[in-house]
Amino acid sequence: MFPSFVFPLLLLFSFYDMPSDAQKKKETLLSEKVGQMMEWASKRSIIKLNGDKFRRFVKAPPRNYSVVIMFTALQPQRQCGVCRQADEEFHILANSWRYSSAFTNKVFFASVDFDEGSDVFQMLSMNSAPTFLHFPAKGKQRKTDNYELQVRGFAAEQLARWVADRTDVHIRVIRPPNYAGPLLLGFLLAVIGGLAYLRRHNLEFLFNKNVWAFSALCFVLIMTSGQMWNHIRGPPYAHKNPNTGQVSYIHGSSQAQFVAETHIVLLFNGAVTMGMVLLCEAATSDMDIGKRKSEETHMVLCVAGIGLVMLFFSWLLSIFRAKYHGYPYSFLMS
């Protein structure tokens, strides 16, 4: 015989183990949300959210899945070229996850367009696009849940590393085949081979110092302007504020840059180099003192060279000051 107090205890534990109505409702709601997200993800790798969907499936509990959202402005009237470039990379990342054998409901990719979810932008106090945010399955957002676009760029590989850091989901980025590079290289080699064949009886141009000097100079200008950094990091071409429409071509930090910025620096460095070449040409070329025309030519070369060096070096220095705040020196321009 069991003691009389055992039966009440067993009855109490049985009631304790039974899920409450609130718990059942929570599990049902969570199951519906996950099912709906999976259904949307089966149709497109990036789920489009408006204000209502964002509040229901991202902000409101319960939720046991992470959501990576790109906030963008893709409408033509916004003229956000960077948004379109970032959207292409985001699609590559989302497709790589959606069609992977490891795909689960642990993380979903979504987007909120400014014209379809301006209330979401206001809710999150956002005033720029594109922006990538991670909404974790549990807990509050951290600073690292805001992707550093200006530093890391929007290449799919960089986004995949960030997603892995935040969710422990490792995505192998698979890009669609791009034959433009091999075709361009093949065309270039064909042109060079054709020219060499046509000039096969006279290949003195291969030993021309000016040709090799110009080629080396172009290579140096391309490398010093930051083209390799662009290739590795994949930064945006420029940045446009969707609210004000203001476009920034120069990044305000010394830790990052825009593609347009490297083009500007390349142009300015090339102009300074051209000015130095003109000065050297004026100083080293033969001059007949008795000829007024020769003196005028040398004077024009000197003035043009000095003008190019002073003007474009001043612009280069102003860009340097804008990126390295507190730099005390300037020239011609503040």
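The values are calculated or read from the model by the stated rules, or taken from the named source; none is laboratory data. Predicted model only: the values in this text are computed from it and were never measured. Cβ placement follows ideal geometry from the backbone for every residue including glycine, while neighbour counts extend to all protein chains displayed. The area values use the complete protein model at the heavy-atom level, side chains included, leaving out ligands, DNA and RNA. Shrake-Rupley method; radii C 1.70, N 1.55, O 1.52, S 1.80 Å.
Per residue, the convex hull spanned by the Cα atoms of the range 86-211 measures out at 199 cubic angstrom. DSSP beta bridges confined to the chain are antiparallel in about 45 percent of cases.
Taking a threshold of 27 Å on the Cα-Cα distance, which of the pairs Lys48/Lys138; Lys25/Lys143; Lys25/Lys106 fall above it? Beyond 27 Å between Cα atoms: Lys25/Lys143. Rolling a 1.4 Å probe over the protein heavy atoms leaves Leu183 with an accessible area of roughly 120 Å².
Over the chain, dividing the summed -39,500 (n - 2.57) contributions of all DSSP H runs of at least 4 residues by the number of residues returns a 222 nm mean residue ellipticity of -17500 deg cm²/dmol. With angles folded into 0 to 90 degrees, how steeply does helix 21-43 sit against the dominant principal axis of the chain? Use alpha carbons for both and round to 10. Around 40 degrees separate the two axes. Placing +1 on each Lys and Arg Cβ and -1 on each Asp and Glu Cβ, with no other charges, gives the chain a dipole about its Cα centre of roughly 760 debye.
Placing unit charges on each Cβ (+1 for Lys and Arg, -1 for Asp and Glu) gives the chain a dipole about its Cα centre, and among Leu29, Ser253, Leu188 the Cα reaching farthest toward its positive end belongs to Leu29. Computed from Cα positions, the angle between helix 156-167 and the longest principal axis of the chain comes to roughly 30 degrees. The trypsin sites (Lys or Arg not before Pro) of the range 68-177 meeting both criteria, a DSSP state outside H, G, I, E and B (loop) and at most 11 other C-beta atoms within 10 angstrom of the site's C-beta, are Lys138, Lys140, Arg142, Arg172. Sequence-distant contacts, meaning Cα pairs under 8 Å at least 6 residues apart, place the relative contact order of the range 155-261 at 17 percent.
Modelled this way, with points 7 Å down the Cα-to-C-beta line, the labels at His231 and Arg175 are 1.2 nm from one another. The calculated FRET efficiency for the pair Asn210 and Thr104, based on their C-beta separation and a Förster distance of 56 Å, comes to about 0.35.
So how tilted is helix 81-98 from the main axis of the chain? Cα-based, degrees 0 to 90, rounded to 10. Approximately 50 degrees, to the nearest ten. Projecting label points 7 angstrom from Cα along Cα→Cβ for Ile250 and Ser31 puts them 6.1 nm apart. Between Arg199 and Val303, the contour length at 0.36 nm per residue exceeds the alpha carbon distance by 33.5 nm. Length gained on full extension, Ser318 to Asp115: 69.4 nm, using 0.36 nm per residue less the C-alpha separation. Here, the chain yields an orientationally averaged convex hull projection of 30.8 nm² when only Cα atoms define the hull.
Taking chymotrypsin sites (Phe, Trp or Tyr not before Pro) as exposed when DSSP calls them loop and at most 10 other C-beta atoms lie within 10 angstrom, the chain has its longest site-free stretch at 180-323.
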